[in-house]
Amino acid sequence: MKNTMDKNASTEMNTLAECMNQLHANGYTQNFSVGDNGLQAADSKKTYQPEEVRIVNFYRFEGYSDPGDSSLLFAIETNDGLKGLLTDAYGVYADGKTSAFIAKVEDMQKDSKRRDDMPYGDQTQRTSL
């Protein structure tokens with residue numbers, strides 16, 4: 001897997017550990033987890049809602065001999081400048097809370113991108129049912 005965090009880098013990141021080490025060197029030092037109340041920073045115990053975080057990049061790793069080794073790694077930035085990592089399995093081993101949280105963040109980022117791409121006069125109010 002090619003390092004996409006630094007456009008000048010040619011570092012190959014073939015394992016989850018190599019990728020985490022490279023991201024850590026790029027300032028993604030916080031460990032995040034998802035609990036009942038949102039994304040939690042391990043060090044400060046501060047909790048973030050989906051609208052307070054941005055997924056900068058993500059990486060998928062597949063286990064060659066064991067599908068249970070398949071995982072996702074997310075590089076995340078919070079609205080107050082914290083940068084860190086969140087890991088999850090995927091498929092049948094995925095954590096439901098983590099998957100649901102990430103889906104909400106991705107949906108918000110997609111909506112934000114669509115609004116940013118619209119001409120000023122064409123923006124419409126979005127409401128949830």
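The values are calculated or read from the model by the stated rules, or taken from the named source; none is laboratory data. Fair warning: this is a prediction, and the values are worked out from it, not measured in the lab. Cβ atoms come from the backbone with ideal geometry, glycine included; neighbour counts cover every protein chain shown. We work out accessible area using only protein heavy atoms, side chains counted, and drop any ligands, DNA or RNA first. Shrake-Rupley method; radii C 1.70, N 1.55, O 1.52, S 1.80 Å.
Any residue in segment 68-79 that is free of Cβ contacts under 8 Å to residues at least 24 places away in the same chain, open to solvent by 70 Å² or more (accessible area, probe 1.4 Å) and farther than 16 Å from residue 20 by Cβ? Within segment 68-79, none of the residues are free of Cβ contacts under 8 Å to residues at least 24 places away in the same chain, open to solvent by 70 Å² or more (accessible area, probe 1.4 Å) and farther than 16 Å from residue 20 by Cβ.
Selection of first residues in segment 20-34 that are over 17 Å from residue 60 (Cα atoms) and of second residues that are open to solvent by less than 30 Å² (accessible area, probe 1.4 Å) and assigned to a helix (DSSP H, G or I), restricted to Cβ pairs under 7 Å at least 6 apart or on distinct chains, gives the following pairs, ordered by first then second residue: 34/98; 34/101. Residues that are under 20 Å from residue 46 (Cα atoms) and in contact with a Gly (Cβ under 9 Å, 6 or more places away or on another chain) were ranked within segment 85-107; the one that is least open to solvent (accessible area, probe 1.4 Å) is 101. Please work out which residue is surrounded by the fewest Cβ atoms within 10 Å (Cβ to Cβ), limiting yourself to segment 25-60 and to residues that are out of contact with any Lys or Arg (no Cβ under 8 Å at 6 or more places or on another chain) and of a type in the set (Ser, Thr, Tyr). Across segment 25-60, the extreme among qualifying residues is 44.
Working carefully through the options 1, 13, find the one that is farther than 16 Å from residue 101 by Cα, at pLDDT below 85 and either open to solvent by less than 60 Å² (accessible area, probe 1.4 Å) or in contact with a Leu (Cβ under 7 Å, 6 or more places away or on another chain) (or both). So that I can check it myself, show each step before the final result.
Values: 1 fails: either open to solvent by less than 60 Å² (accessible area, probe 1.4 Å) or in contact with a Leu (Cβ under 7 Å, 6 or more places away or on another chain) (or both).
Just one listed residue meets the conditions, 13.
The set of residues in segment 73-102 that are at pLDDT below 95, of a type in the set (A, V, I, L, M, F, W, C) and touching a helix residue (DSSP H, G or I) at 6+ places or on another chain (Cβ under 8 Å) contains only 89.
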